[in-house]
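Quick notes on the structure that follows.
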Amino acid sequence: MITRPARITPDVVMRQATLEDAGGLARARLRSRTHMEPWEPSRPEDYFTTQAQTARLRVQLEDCKAGRVVPWVLDREGDIVGSVTLSAIVLGPLRSGNLGYWIDVDHVGKGLATAAVTHACTAADAELGLHRIEAGTLLDNVPSQRVLAKCGFEEFGVAPEFLHINGAWRDHRLFQRILNDRTP
């Protein structure tokens, strides 16, 4: 599942991840570790290494070949400053996927998440032919909820104890965006 790279800001390109991005992802994840901790699953120490990011990317790229995942990175002049992943892609009559994203701590609040989510929605519709995208946030992750609202997502429910985040099962606010009304 190949999607075209896109310049989402004057200095950031959103493109599909490659194995060569492992080192950049490891550096960005390590740099953003404390900032991301409240919103993420507990991570083992080696998660923040190039070796672990290479292994993670290998799995994602295999899932991408199978049409289940699209992993993107946000590349700022050779430096990874975030990522977006469209996962759990289902075609047929559902034509849906689940969206996740994060932005490097040094680039938060600059419109990158909104630009990246907007591009992911465009690619999901025009290139992948999806009908719907779903995303979830912790109940108190207001910045991420604002991004989703700006990108046309609507809240449709709350999932109790949905994901194990930062050491506990956490409730999540669920959002969706209907991309089109085409027949599958």
Original post:
Of all residues in region 127-163, which are assigned to a helix (DSSP H, G or I), aliphatic (A, V, I, L, M) and farther than 20 Å from Ala88 by Cβ?
Top reply: Val142, Ala149
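Mind listing whichever residues of region 35-50 are part of a helix (DSSP H, G or I) and either of a type in the set (A, V, I, L, M) or without any contact (Cβ under 8 Å) to a residue 12 or more places away in the chain (or both)? Working first, answer last.
Step one: list which residues in region 35-50 are part of a helix (DSSP H, G or I), which gives 35-39, 45-48, 50.
Once the filter is applied, which keeps residues that are part of a helix (DSSP H, G or I) and either of a type in the set (A, V, I, L, M) or without any contact (Cβ under 8 Å) to a residue 12 or more places away in the chain (or both), region 35-50 yields Met36, Glu45, Asp46.
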**OP:** Give me a count of the residues in region 68-91 that are open to solvent by less than 40 Å² (accessible area, probe 1.4 Å) and modelled with pLDDT under 95.
**Re:** 0
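On the given criteria, is Ser32 within 14 Å of the chain's Cα centre (by Cα) and either among the hydroxyl-bearing types (Ser, Thr, Tyr) or modelled with pLDDT under 95 (or both)?
Working: within 14 Å of the chain's Cα centre (by Cα): no; either among the hydroxyl-bearing types (Ser, Thr, Tyr) or modelled with pLDDT under 95 (or both): yes.
Criteria not met by Ser32.
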**OP:** Among residues belonging to region 17-35 that are surrounded by 18 or more Cβ atoms within 10 Å (Cβ to Cβ) and not basic (Lys, Arg), point out the one that is farthest from Val105 (Cα to Cα).
**Re:** Ala17
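Tell me, yes or no, whether region 67-83 has at least one residue that is within 18 Å of Ile2 (Cα to Cα), in a helix (DSSP H, G or I) and touching a helix residue (DSSP H, G or I) at 6+ places or on another chain (Cβ under 7 Å).
The initial filter retains those residues of region 67-83 that are within 18 Å of Ile2 (Cα to Cα), namely 67-75, 83.
The next check asks that each one be in a helix (DSSP H, G or I); those that pass are none.
No: zero hits.
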**OP:** State the number of residues belonging to region 140-170 that are surrounded by 13 or more Cβ atoms within 10 Å (Cβ to Cβ) and either among the hydroxyl-bearing types (Ser, Thr, Tyr) or out of contact with any helix residue (DSSP H, G or I) (no Cβ under 9 Å at 6 or more places or on another chain) (or both).
**Re:** 6
**OP:** Could you give me the residue pairs with C-beta distances under 8 Å whose first residue belongs to region 156-169 and is without any contact (Cβ under 8 Å) to a residue 40 or more places away in the chain and of a type in the set (A, V, I, L, M), whose second residue is in a loop (DSSP other than H, G, I, E, B) and surrounded by 10 or more Cβ atoms within 10 Å (Cβ to Cβ) wherever it lies, and which are 6+ apart or on separate chains?
**Re:** Val158/Leu139
Subject >> From Arg177, Arg173, residue being open to solvent by 20 Å² or more (accessible area, probe 1.4 Å), within 16 Å of Val90 (Cα to Cα), part of a strand (DSSP E or B) and at pLDDT 95 or above >> reply: Arg177
Subject >> Considering residues of region 1-16 that are surrounded by fewer than 20 Cβ atoms within 10 Å (Cβ to Cβ) and in contact with a helix residue (DSSP H, G or I) (Cβ under 6 Å, 6 or more places away or on another chain) only, the residue farthest from Leu61 (Cα to Cα) >> reply: Thr9
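I need the full set of residues from region 51-66 which are under 25 Å from Ala88 (Cβ atoms), part of a helix (DSSP H, G or I), without any contact (Cβ under 8 Å) to a residue 40 or more places away in the chain and not β-branched (Val, Ile, Thr), in order please. It would help to see each step written out before you state the result.
Of the residues in region 51-66, the ones under 25 Å from Ala88 (Cβ atoms) are 52-66.
Cutting the leftovers down to part of a helix (DSSP H, G or I) gives us 52-65.
Keeping just the survivors that are without any contact (Cβ under 8 Å) to a residue 40 or more places away in the chain gives 52-56, 58-59, 62-63.
Scanning region 51-66 gives Ala52, Gln53, Ala55, Arg56, Arg58, Glu62, Asp63.
The values are calculated or read from the model by the stated rules, or taken from the named source; none is laboratory data. Bear in mind the structure is a predicted one, so any value in this text is a computation, not a measurement. A quick note on method: Cβ atoms are made from the backbone with ideal geometry, for glycine too, and the neighbour counts reach across all protein chains shown. Keep in mind that these areas ignore ligands, DNA and RNA; they rest on the heavy atoms of the full protein, side chains included. Shrake-Rupley method; radii C 1.70, N 1.55, O 1.52, S 1.80 Å.
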